[in-house]
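Asks: I am attaching a structure below and will ask some questions about it afterwards.
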Amino acid sequence: MPALVATEFKPWIFFGSENLRVSARFLGDFFPPSVEVDFLLLVVKEAWRTIAIATAGMCLALVLAIPLTLASTRSLSVSILSGRMSRLPFAIRQLIRWLLIILRSIPELIWALVFVRVVGLGPAAGVLAIGLTYAGMLGKVYGEILESGDAHCAVSILRNGGQRLQAFFFGLLPQNATELTSYTVYRWECAIRSSAVLGFVGAGGLGQQMDNSMKMFNGGEVATLLIVFMMLVGLADLLSGWLRKIMQ
């Protein structure tokens, strides 16, 4: 109840006669969806751009997250073999973890607003925004997944003179590959949704086109864009399930 009071949540407002009339008129503008050939071709182009933004952003996030994960994972630290991590490796590990906290604590929408001013309007701002925020998310969860598993194999490799990468590829990765892949695909699906939202601040894709259609009060175009966007998310979910079956 205190939370409802603080947020001024009053659901009965939706059922007022005037509000119901306004809502019905607003939803009625969405029908029928726009099916003009020129507009559909534009939607296909922007849908592909949305996927490209999400995919490129995820690739950038992986490039940043993987080395940060390897450097911050306790079970891959050579200094831990003595039983207690040395001060310098511990300090470096904590700094990396704080960097991951900073990256994921700033929403991608804020990053997009910053990069729109730096690189201008367009998909590049969306790619950079998703890449930085998702690098923090991936780095944190990857580290938790690797540290929650059995580290015996990785520690044995390190004790016998193996390198950190060898301990990762032959000790930790085989037993955690399914969970890592599943979370990565899930984040890619989230990146598709994020790329649509980022379009409202000028980062390109379906979101930017939807913003333009809403400003023109063209509900039919908005409805078509929403349908295409839901189809994209559904396809991403099917891909996620297919990859899980392959990895099992």
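Asks: Between LEU238 and ARG164, take the C-beta separation as r, use R0 = 30 Å, and let me know the FRET efficiency to the nearest 0.05. Present the calculation step by step, with values, prior to reporting the outcome.
Replies: Working: r = 36 Å, r/R0 = 1.20.
Here the calculated transfer efficiency is 0.25.
Asks: With unit charges on the beta carbon (Lys/Arg positive, Asp/Glu negative), name the residue among GLY171, ILE246, VAL197 whose Cα is farthest towards the positive pole of the charge dipole of segment 99-248.
Replies: Highest projection toward the positive end goes to GLY171.
Asks: Rounding to the nearest 20 debye, state how big the charge dipole of segment 35-247 is about its Cα centre with +1 on each Lys and Arg Cβ and -1 on each Asp and Glu Cβ.
Replies: For segment 35-247, the charge dipole is close to 1000 debye.
Asks: How far is the Cα center of segment 121-172 from the Cα center of segment 23-56, in Å?
Replies: Segment 121-172 and segment 23-56 have Cα centres separated by 37 Å.
Asks: Same structure again: If each of ARG97 and MET230 carries a label point 7 Å out from its Cα toward its Cβ, how far apart are those two points in nm?
Replies: Result for the modelled spin labels: 4.3 nm.
Asks: Also, I was wondering about something else. Note down the nm distance, to one decimal, between modelled labels 7 Å out along Cα→Cβ at ALA6 and at VAL37.
Replies: My value for the distance between the label points is 5.7 nm.
Asks: If contacts are Cα pairs under 8 angstrom and at least 6 residues apart, what is the relative contact order of segment 35-247 in percent?
Replies: 28 percent
Asks: So what is the calculated 222 nm ellipticity per residue for the chain, using -39500 (n - 2.57) for each DSSP H run with n of 4 or more, over all residues, to the nearest 500 deg cm²/dmol?
Replies: -25500 deg cm²/dmol
Coordinate-derived values only; no laboratory data. Bear in mind the structure is a predicted one, so any value in this text is a computation, not a measurement. Note that each Cβ is placed from the backbone with ideal geometry, even for glycine, and that neighbours are counted across all protein chains shown.
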